[in-house]
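Below: one structure, written as structure tokens.
The values are calculated or read from the model by the stated rules, or taken from the named source; none is laboratory data. Treat the numbers as computed from the prediction; the structure is a model and nothing was measured. Please note: Cβ atoms are built from the backbone with ideal geometry, for glycine as well, and neighbour counts cover all protein chains shown. Please note that ligands, DNA and RNA were not included when accessible areas were found on the heavy atoms of the full protein model with its side chains. Shrake-Rupley method; radii C 1.70, N 1.55, O 1.52, S 1.80 Å.
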Number of protein chains: 2
Amino acid sequence: MTYCLSLLCHEGIVCLSDSRTSAGVDNIRIQPKMRIYHDADRVICLMNSGNLSLTQSAVALIEEDMLIGRSDPGYPTLLNQPTMYEVARYVGTKIREVDKTDRAALQSSGLRFNINSLISGQIRGLEHQIFQVYPEGNSVHASIESPFLQIGEFKYGKPILDRGFTFHTPLAEAVKFGLLSLETTMKSNVSVGTPFDIFCYERDSFEVRYRVRLQGDDEYLQEVRTLWQQGLIALVNDIPGIDFDCYVEPRTTPEVPAGS
Amino acid sequence: MTYCLSLLCHEGIVCLSDSRTSAGVDNIRIQPKMRIYHDADRVICLMNSGNLSLTQSAVALIEEDMLIGRSDPGYPTLLNQPTMYEVARYVGTKIREVDKTDRAALQSSGLRFNINSLISGQIRGLEHQIFQVYPEGNSVHASIESPFLQIGEFKYGKPILDRGFTFHTPLAEAVKFGLLSLETTMKSNVSVGTPFDIFCYERDSFEVRYRVRLQGDDEYLQEVRTLWQQGLIALVNDIPGIDFDCYVEPRTTPEVPAGS
């Protein structure tokens, strides 16, 4: 399983991903899912979830185009699209190529065609944006009102974001929200695991400056884990208990009265 | 959608359920999902998730048996099984009856046969237990090591339980963990909603004493919500930020170097 997350903030973007891939619980390996492409005028972070062979195929096609683009600057690549929307559409076309090559064979073995991609970044002169590309190749983008996108095992890590993250969350806080979202997911699903990749992009910087890979025994990650665990339990303890006696018993719909 | 939860504690059991049913987002109604059956020697709480017509059918069959059981005490009903395991098996047989009646017709319309039940309670002389019955009629029970069972929309509300709830959590704290699990689910999925039913059973009491229905505007629920929201954000704020400069940049796997 995979969990990738991209947080759109006023100050920039935070991308996070886990690094576990599993072909059954008896075949779990480390497989980083974040790739960053950049030049002087753009920074584009690509994260994928889904069948590893499919996501690797899509990435291979994207990088083959870049090789061609070196000698033929007019050739369409991830790095010469005019807008982030066109970058998302471009990735969509690569997903559709993989679809054409592999979907039928996979489906005949009962496997789903399930690539999902998150594309986050900025092109000089334009706003920073994040997009999700679906297995069909179409896309959606985040907004001020819905400022994050998730792919893969997204549910366990969503509540903490729903509760506290907004477009106006400072970038340094957003990193913490994202990390807690990953950590929470890992706690509830063993198929999501460390190392965690984090990329924090400051808008208009066009730099890949804040990028780290946190191993499972990383000191900071351990500290976050401990503080979060202890803090949550203390928070629950501090909430007053319910006073059952204040309530009238609810109407008990036609339950058959017991024999006694 | 539905979310029902049963927490097994040393001191007893806490059952919680939401009250929303939806046949598409344009047809959402209130439908309580918790039913409690009891006599002098047993307390059994039944919660169901899945297609409303299926769960209502299962309940109807269970209650029809009870009507027959009134005049024929030897007739097998929910209230005369010797153990909680047999109660779960009994519910399983009712689910299989519904299966026989309805599965084929539902599947021919592309609908899934998806009843899941939680059965929680105690029979005098035996331990208090909680069981989950699957759509196939078989069951599992909770244990000291895995002390809670969930049905329906279970993912959003699982992390808080994984983080802080154990078999040894006092009953009053368990109520709070359960309520926060429901509240979290409701925040992340609009098809789970108030009123919330809560039943807190003290082991060996054989009483339905602590049972409430919390409406959406309930004062206590509002207080819990506010304290949780503010407390979580404060907790994230208090966690120190990552110092990106301590980390060596991760190896960037064969990303094609940009043209610049």
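Below is a table of values for the structure above.
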{"read-out": "Highest-fluctuation residue, A:Tyr201, A:Tyr75, A:Tyr247 considered, GNM on chain A with Cα pairs under 10 Å", "value": "A:Tyr247"}
{"read-out": "Alpha carbon centroid spacing (whole Å) that separates the range A:40-88 from the range B:26-41", "value": "53"}
{"read-out": "Three-way shape call for the range B:11-124 based on the alpha-carbon gyration tensor, with the a/c threshold at 1.5", "value": "oblate"}
{"read-out": "Axis-nearest residue of B (beta carbon) for the B-onto-A rotation, whole Å", "value": "B:Lys155, 2"}
{"read-out": "Area accessible to solvent at B:Val190, 1.4 Å probe radius, in Å²", "value": "110"}
{"read-out": "Label point 7 Å beyond Cα along the C-beta direction, distances from B:Ala104 to other copies (nm, shortest first)", "value": "3.6"}
{"read-out": "Surface per residue (accessible, 1.4 Å probe) for chain A, Å²", "value": "43"}
{"read-out": "The range B:15-93 - percent relative contact order, Cα under 8 Å, separation 6 or more", "value": "18"}
{"read-out": "Prolate/oblate/rounded label for the range A:90-183 (Cα gyration tensor, a/c 1.5)", "value": "oblate"}
{"read-out": "Local electrostatic count, A:Cys246, Cβ distance below 11 Å [Lys/Arg +1, Asp/Glu -1]", "value": "-4"}
{"read-out": "Reduction of at least 30 Å² in accessible surface, 1.4 Å probe, comparing all protein chains with the chain by itself, residues of the range B:135-163", "value": "B:Lys155, B:Tyr156, B:Lys158, B:Pro159, B:Asp162, B:Arg163"}
{"read-out": "Heavy atoms of B:His168 accessible to a 1.4 Å probe, total area in Å² rounded to 10", "value": "130"}
{"read-out": "Neighbourhood net charge (9 Å Cβ-Cβ; Lys/Arg +1, Asp/Glu -1) for B:Lys155", "value": "+1"}
{"read-out": "Computed label-point distance, nm, for sites A:Arg29 and B:Asp41 using a 7 Å Cα→Cβ extension", "value": "6.0"}
{"read-out": "Inter-label distance for A:Glu127 and A:His141, nm, one decimal - labels placed 7 Å from Cα along Cα-to-Cβ", "value": "0.7"}
{"read-out": "Among A:Leu235, A:Leu227, A:Leu16: highest mean-square fluctuation, GNM of chain A, C-alpha pairs under 10 Å", "value": "A:Leu235"}
{"read-out": "Exposure of A:Asp238 as accessible area (Å², to 10), given a probe of 1.4 Å and all protein chains", "value": "120"}
{"read-out": "Cα-based shape type of the protein assembly as shown, given that a ≥ b ≥ c are square roots of the gyration tensor eigenvalues and the cut on a/c is 1.5", "value": "prolate"}
{"read-out": "B:Asp217/A:Thr93 FRET efficiency (R0 41 Å; Cβ-Cβ; nearest 0.05)", "value": "0.25"}
{"read-out": "Percent RCO, i.e. relative contact order, over chain A, from Cα pairs under 8 Å lying at least 6 residues apart", "value": "26"}
{"read-out": "Relative contact order %, the range B:20-66, counting alpha carbon pairs below 8 Å whose residues are six or more apart", "value": "22"}
{"read-out": "More than 20 angstrom apart: percent of Cα pairs within the range B:119-246", "value": "55"}
{"read-out": "Of A:Ile95, A:Ile123, A:Ile36, the one that fluctuates the most in a GNM where chain A has Cα springs shorter than 10 Å", "value": "A:Ile36"}
{"read-out": "Nearest-0.05 FRET efficiency for A:Asp243 and A:Leu111, computed from C-beta distance (R0 41 Å)", "value": "0.15"}
{"read-out": "Label distances, nm, B:Glu207 versus same residue in remaining copies, Cβ-directed 7 Å point", "value": "6.7"}
{"read-out": "Cβ-Cβ FRET estimate between A:Leu61 and B:Tyr134, R0 fixed at 30 Å, reported to 0.05", "value": "0.10"}
{"read-out": "Difference of contour (0.36 nm per residue) and Cα-Cα distance, B:Tyr85 to B:Asp204", "value": "41.1 nm"}
{"read-out": "Formal net charge of residues neighbouring A:Asn80 (Cβ-Cβ distance under 12 Å; K, R +1; D, E -1)", "value": "-3"}
{"read-out": "Pseudo-label separations to other copies for B:Pro73 - Cα-to-Cβ vector, 7 Å, nm", "value": "9.6"}
{"read-out": "Anchor A:Lys100: aspartates and glutamates whose Cα lies under 15 Å away (excluding residues fewer than 8 positions away in-chain)", "value": "A:Glu136"}
{"read-out": "Fraction of accessible area attributable to carbon and sulfur, the protein assembly as shown (%, probe 1.4 Å)", "value": "51"}
{"read-out": "Area hidden from solvent between A and B (accessible, protein heavy atoms only, 1.4 Å, total, Å²)", "value": "6600"}
